[in-house]
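Structure, as structure tokens:
The values are calculated or read from the model by the stated rules, or taken from the named source; none is laboratory data. Bear in mind the structure is a predicted one, so any value in this text is a computation, not a measurement. Positions of Cβ are generated from backbone atoms using ideal geometry, with glycine treated the same way; all protein chains shown enter the neighbour counts. Calculation scope for accessible area: heavy atoms of the full protein, side chains included, ligands and nucleic acids excluded. Shrake-Rupley method; radii C 1.70, N 1.55, O 1.52, S 1.80 Å.
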Amino acid sequence: MQQNIQKENVIKKNYIPILITLGFFFVISYIAFFHYQFVFNSDGLIYLRYGEQILSGGGENVLINNALMGGPVVYATVDTFVNDGFLTLKLFSVFGATGFVFISYFVIRNIFNKKIAILGQLLIAFSPALQTRAVLATNELLALILIISSFYFLTKNNLKKTDLVIAAILIGFALDIRFQAIAIFVSVIIFLIIKKSSIRQKLIEIILFSLVVF
């Protein structure tokens, strides 16, 4: 009973970002699945085929550019249930972009306040760059939602070791999908160096974060 009350309170407190997220999801889903039925960028399908070859036992013959095998394997694993590579990548794009819009509110709220967070979430939801990626069959938004999820833990007022570990796990997974995530890793290391804490504390956090990521 108490858990249900807590869930209702969470929904009431965050009903605006939830409505924005749902609105984005329904609009983008309609565009992606009914008005954008072609492949603009073949990278996603190529990665999916790599993953299929790895799962079939031919991984030693696969050479993936700019990524490790994590992403292709995830895409191919999900596609074993969907049985439609194009649809599988579309699902990753739509849900990845939707998750990005939703989590962005909490990341911005950690830094500023609720009103600015709602404004920031709206700007992200109406961003042409995100909307374009959301309707394409690409391989980018899975890594992106992992990165934005790590930001939620990294932007907390009182950064605990558990928050740092969870963020490191998420960035580690993102790095296993797209090498570009290394830029986020470097940025977090710089953040840990310049934040206010003792040198000993900084060293512990940097070593812990690096070990978990890699």
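Numerical summary
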quantity: Complete set of residues in the stretch 150-186 that are of a type in the set (Lys, Arg) and in a helix (DSSP H, G or I); calculated: Lys161
quantity: Count of the stretch 27-61 residues which are at pLDDT below 70 and β-branched (Val, Ile, Thr); calculated: 1
quantity: The stretch 126-140, residues that are in a helix (DSSP H, G or I) and either in contact (Cβ under 8 Å) with a residue 60 or more places away in the chain or open to solvent by less than 10 Å² (accessible area, probe 1.4 Å) (or both); calculated: Gln131, Ala134
quantity: Those residues of the stretch 108-123 which are surrounded by fewer than 20 Cβ atoms within 10 Å (Cβ to Cβ) and not small (Gly, Ala, Ser), in sequence order; calculated: Asn110, Ile111, Phe112, Asn113, Lys114, Lys115, Ile116, Ile118, Leu119, Leu122, Leu123
quantity: Subset of the stretch 62-85 that is polar (S, T, N, Q) and either on the phi < 0 side of the Ramachandran plot or at pLDDT 80 or above (or both) - its residue that is nearest to the chain's Cα centre (by Cα); calculated: Thr77
quantity: Residue in the stretch 170-191 that is open to solvent by 50 Å² or more (accessible area, probe 1.4 Å), among the hydroxyl-bearing types (Ser, Thr, Tyr) and out of contact with any Gly (no Cβ under 6 Å at 6 or more places or on another chain) present; calculated: yes
quantity: Condition met for Gln201 (in a helix (DSSP H, G or I), out of contact with any Cys (no Cβ under 6 Å at 6 or more places or on another chain), in contact (Cβ under 8 Å) with a residue 40 or more places away in the chain and not acidic (Asp, Glu)); calculated: no
quantity: Qualifying residue in the stretch 148-160 (condition: open to solvent by less than 30 Å² (accessible area, probe 1.4 Å), among the polar types (S, T, N, Q) and over 21 Å from Phe106 (Cβ atoms)); calculated: no
